[in-house]
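Shown next, in C-alpha cells, is the structure this report addresses.
Values in this text are rule-based calculations from the coordinates and carry no lab data. Worth saying up front: this structure is predicted, and the values here are computed from it rather than measured. No Cβ is skipped: glycine too gets one built from the backbone with ideal geometry, and neighbour counts run over all protein chains shown.
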Amino acid sequence: MFTYYFKLGLRSLSRHRILTALMVLTIGFGVASSMVTYAVYRATARNPIPWKSSQLFVAQVDNWGPNNNETPPGEPAEQLSYIDAMALQHAHWAPRQTVLYPLGISVIPDEANRQPEGVNSYAVYADAFAMFDIPFLYGGPWTANDDNGRAAVAVINRDLNDRIFHGQNSVGREVNLEGHLYRVVGVMDTWDPQPMFLDVVNTRGFTEPVEVFIPFTHALDQRFVTAGNTNCVSDPGVGWDNWLRSECIWLTFWAELPTPAATATYRDRLRGYAAEQQRAGRFRWPPNVRLHDVADWLDYQKVVPQGAKVSLVVSVSFFGVCLVNTIGLLLAKFMRRAQEIGVRRALGASRREIYAQFLIEAATVGLTGGVLGLLLTAIGMHGIDLVFSPQIARLAYLDPALVCLTLAVSVVAALLASLYPTWRAAQVQPAWQLKSN
Amino acid sequence: MDIQPIISALRRHKAGTILIVLQIALTLAIVCNALSIIRTNMERMASPTGIVEENLLTVMNTWVGSTDGKVLAPLIRTDLETLRSLPGVEDATVMNSFPLRGGGWSTGVRLDNSKEHWLFEAGMYASDDHALATLGVHLVAGRNFRPEEIVDGSDFNTLVIPPVAIVTKAMADRLFPDGSALGKTVYLNTGKDAPPTIIIGIIDRLHVPWSAAFADTWAEDVAIVPARLTNRYGDYLIRTRPGMLDRMVREAPAALVKAHRERVFPPHGGVRTFDQVREDAYRTDRGMAVVMGVVSLALLLITGAGIVGLTSFWVGQRRAQIGVRRALGARRRDILLYFLTENFLITLAGVAIGIVLCGVLNVWMAVNFEVSHVPLAYMGAGILLLLTLGQAATLNPAMRASRVSPVEATRPA
C-alpha cells in the first residue's frame, strides 16, 4: 500500500508541476537557511570540554568596587589583578589551579635566513595540562618543581613541532623564544578546543590553536607583558613592579573543583578572601566574587556572536513563513482533488486510507525539498565567511548529523504542514462530490 | 465597490484566508526587522574615518627579543627614518592603533580630576608630529605637535599622559558645547592624580579604533597625545605617493626587515592597505546586511508565490459563481476588481497583525541581541511593499477569473 500511495503521490506531484516546484523550493530554501545558520550557532555555542566543563571554574574577585565606570553594575571585573590571582594560586584551595595570560612572543628559528614568527602562546602553571586534558604526542607537562624553580621550559604544539623540528620527537631539545632558549618538555598532540575557553576574555572564543605554553613564573621573570586586554581604574604608575602591585586586571584564574561540595567550599573561601581584603582596608566594599564553570563562563562572556543568534532567529522565522506557505499550497492542491477523493471514498476507501495517501504525498514533497535543501546548505556553507570571521567559518561544516537533520526537518515540516490540508481532504463527503457531477 | 459580499465569501474560505493573513503578517514582521538591521549596518559602514583612505598603508609590527623601551626607542626612530626616506613614501608615522583596526586604547575623559566619575569614553591614539599629515586629517583650530613635545613611554598603562593633546571636533564640542575647547584643560587618565592636558589642536574628524556596535555612540570622540609607545607592538602608517601603494605593500615591509631582522608582521593583517582594513572591519556588518537582504527578497517572493497559488485555487473553485455573476451582468472589470479588493482586504488584515508582530519581534531582538529599534518609516515601507506585492500577485489569477465566460454558469461545478 505504501508504494502504491508513493506512486500516486509522485504522479500527483508531476501533474501540477508549478505548484509542486513551488512547494519544493519553499521547503528547500527554508530548511537550507535554517541549517546554515544552525551550523554556525552549533559551532559557536558548543561546549568545548563537555566531560569536564562542570568541574572547571573561573574565579572573579571584585577589586574595583561598585563605583567604577568599567564593569556592568554589580559585576566584578572579568579578569584579576596580579595580587588577587597570586593570592588564589598560592592559597591552593583547589586540587588543581592555574593563572594564565596570553603572551605575544615569537619563535626565532635556528636558520639565520628565516624570519622570526609570532606564536600563539600562554603562560600557565603545570596543573593546566591535566586540568584542561591537553593531550601529548611526546613527553608531557612540566612539573610543579619547574614552576617553583621558574624554569625555562616549554610545551609546544604538534604544528610548531612539525615546522621547527620536522615532526621529530623534540623533547629535551631547545626552542628559541624571544632570544631565550627553552627546553621542550612536551609536544602536544592536536588540541584545538572550540570555543577556546581558556581565554575567552581576550580571544572572544575563536582563535587559532595555542602553539606554546611556558611557566607563568618564568614569563614573569622575563617581564613578558600580556598580549591581551589590560584594564585599570587607577593609574598603576611606571615600571614592572608598580604594574604587579596595581589594581589593573589582566589575568585569568582557573580552578578544578571535582565535586559540588568542593565548589561550595571554594566559593566560601573566595568570599572569605574578599572579606579579609575588606578588613585589611584594601577593598572598601563587601565581598563580591563569582565562580563560573565553563558553560556559565562562555555564556557570561557572550561567546556566541550576536550575528549567529540574530541570523538563526531570522532564518527560523523565515522557515516558519515557508511552512505557512506550504500549508496554503497543499490545501489548494489537495482540495482541487475533492472529486478524486469523493470517487475513492465512494469506492470504499476509508478515511484512514485518505490520510495515508495524502501524508505520504506530503512526505514525498518534504523529502524532495530536503534534498534540494541539502544542496543549498552545502552551497550556503561557503558563504559563511561572508558574515563571520574565518576562525568561526572554519568551525561550521556539513557533517552526517547535519545531513540527517536537514532531511528529517524537511520531512517532519512537510508532514506538519500537511496535517490540516489532509484532515480537510479526509472530510470530503463522497455523496456531495458524486452528486455534483 | 461593496465589500460585504467579499467578506461573506471569505467566511467560506476561512483556512486559506487565515493562512495568507498569517503569512503576510510574519513576512512584514521579518522584513521590517531585517530592513532595520540592514540600515543600522549600512550606517555604521558609512561612518567616515576622517582620514584620506587612498594611498594609505598600515603595518602592524611586533618586536622580537627585547621589550626594553631603551632598546626599542632608537629602533622605532630608525624605522620611521627608513620609511620616510623610501622614494614611494610621502610621510609615515607610528601609532599605538589606527581607525577600524579593532584593538586600541580608550579612556574616561574628565574636566575635573577630583571627581572619579568620568564624562564619557574616548579613543586614545599615541603618535608623533607626522600623524596629521600621514592620516590626512585637518586641523580646524590650534596647532600640530612640535617634535620636542613627543615623549617616549612604554605603553598606555604606564604612560604619564603628556601635557598637550589634539582632539576631534566631536570630542571638543562634547566637552565644551560653546566651542571654546582650544586651550582648555582636560584629564585623559583615571585616578585623582591624573595629570592635566591642554587641548592645543582640534581636528575635523577621526574614528576610534573600533568598528563594532559598542563604540557607535562615541565613534568620533578621539584624542591624540604626543607619545611614541616603545613596547613590543606598534603600528606604522605610511602615506604613499599616488600610484605607489602596490609597490609599497611589498617594499615597505622589506625595507623594515632589512633595517632590523628581529620583528614579526602578523600573517593575518600585518601588512594591509587601508582599503583592506575597511573591508576586514566591516566584513560582518556587510555580510549580515547581504543575508538580511536575501532573506527579505526570498520571503517576498515566497509570499507572492503563495498568494498566486491560493488565489488561483479560489478562482478555480468559483468558476461557476463567476459565470453566474457574469451572466447576471457583472463586467470583466467588476470580477477583476472583486479579486483585487479581496486581496487588498486580506493583505490589510495581515499587515495590521504584522505591525504588532514586527514590534514584538523587534523588542525581543532589541532586548536579547542589541538590535536597534525599527523606525516607523521602515514599517511604512514594509506595509506599502506588501500591499503592492499582494495586488501584483493577485493580478494574474484575477485576470484569468475575469475571462471566465458567462456560459460557465450553465455548467456543473
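Assorted remarks:
- A cut-off under 11 angstrom between Cβ atoms defines the neighbours of A:Gly118, and their net charge, with Lys, Arg +1 and Asp, Glu -1, is -2.
- Span-like helix ranges in chain B, DSSP H, alpha carbon extent 15 angstrom or more, Kyte mean at least 0.0: B:14-46, B:69-85, B:245-259, B:283-317, B:332-369, B:376-402
- Compactness of segment B:65-261 - radius of gyration and Dmax, Cα, Å: 16.9, 52
- For chain B, the relative contact order comes to 28 percent (Cα pairs under 8 Å, sequence separation of at least 6).
- Model label zone, B:Ala392; criterion: amide N under 19 Å from point 7 Å along Cα-to-beta-carbon; scope segment B:265-304: B:292-304
- Percent RCO, i.e. relative contact order, over segment A:184-327, from Cα pairs under 8 Å lying at least 6 residues apart: 18
- Here the mean projected area of the convex hull built on the C-alpha positions of chain B is 27.8 nm².
- Förster radius 51 Å - calculated FRET efficiency between B:Ser372 and B:Arg403, Cβ distance, rounded to 0.05: 0.55
- Net charge over other residues, Cβ less than 15 angstrom from the Cβ of B:Ile6 (K, R count +1; D, E count -1): +2
- Percent antiparallel among DSSP beta bridges (both partners in the protein assembly as shown, rounded to 5): 75
- For segment A:316-437, radius of gyration divided by Kirkwood radius, i.e. Rg to Rh on alpha-carbons: 1.18
- Springs between Cα atoms under 10 Å define the GNM used for chain A, and in it the highest mean-square fluctuation of A:Ala219, A:Ala264, A:Ala77 occurs at A:Ala264.
- Antiparallel %, DSSP beta bridges [both residues in segment B:65-261], to 5: 60
- Segment B:65-261, relative contact order in percent, only Cα pairs under 8 angstrom and at least six apart counted: 34
- Among the listed pairs B:Lys115/B:Lys169; A:Lys309/B:Lys169; B:Lys70/B:Lys184, those beyond 29 Å (Cα-Cα): A:Lys309/B:Lys169; B:Lys70/B:Lys184
- With all projection directions averaged, the alpha carbon convex hull of segment B:100-179 covers 6.6 nm².
- Over chain A, DSSP H runs of length four or greater, each weighted -39,500 (n - 2.57), average out per residue to a 222 nm ellipticity of -16000 deg cm²/dmol.
- Of all DSSP beta bridges in segment A:56-300, antiparallel share, percent nearest 5: 80
- Once the Cα-Cα distance is subtracted from the 0.36 nm per residue extended length, the A:Ala349 to A:Trp240 segment shows a gain of 30.4 nm.
- Modelled spin labels at B:Arg261 and A:Leu386, positioned 7 Å past Cα toward Cβ, are 4.6 nm from each other.
- Computed over every Cα-Cα pair of the protein assembly as shown and binned at 10 Å starting from 0, the pair-distance distribution P(r) comes out as 2, 11, 17, 19, 17, 12, 9, 7, 4, 1, 0 percent.
- Average projected area [Cα convex hull, segment A:56-300], square nanometres: 13.5
- Here the spin labels are modelled as points 7 Å beyond Cα on the Cα-Cβ line, and at A:Arg46 and B:Ser8 they lie 6.3 nm apart.
- Distribution of pairwise C-alpha distances over chain A, 10 Å bins, in %: 4, 17, 20, 17, 13, 10, 9, 6, 2, 0
- GNM top mover of A:Ser317, A:Ser53, A:Ser234 - chain A, alpha-carbon springs below 10 Å: A:Ser234
- For a 4.7 Å threshold on C-beta separation, the list of partnerless cysteines in chain A reads A:Cys322, A:Cys404.
- Modelled spin-label separation between A:Arg11 and B:Lys184, with each label point placed 7 Å from Cα along the Cα-to-Cβ direction: 8.6 nm.
- Rg and Dmax over the alpha-carbon atoms of segment B:1-88 stand at 32.0, 90 Å.
- Legend: P(r) of segment B:306-354 from all alpha carbon pair distances, 10 Å bins from 0, whole percents, reading 24, 48, 23, 5.
- Here segment A:73-181 has an Rg and Dmax of 16.3, 54 Å, counting Cα atoms alone.
- Shape descriptor for segment A:210-322: Rg over Rh equals 1.10 (Cα atoms; Rh from the Kirkwood inverse mean 1/r).
- Helix runs (DSSP H) in chain A reaching 15 Å along axis by Cα, Kyte-Doolittle at least 0.5: A:17-44, A:306-335, A:351-381, A:400-426
- Other residues with beta-carbon under 14 Å from the beta-carbon of B:Ser66 carry, at +1 per Lys or Arg and -1 per Asp or Glu, a net charge of +2.
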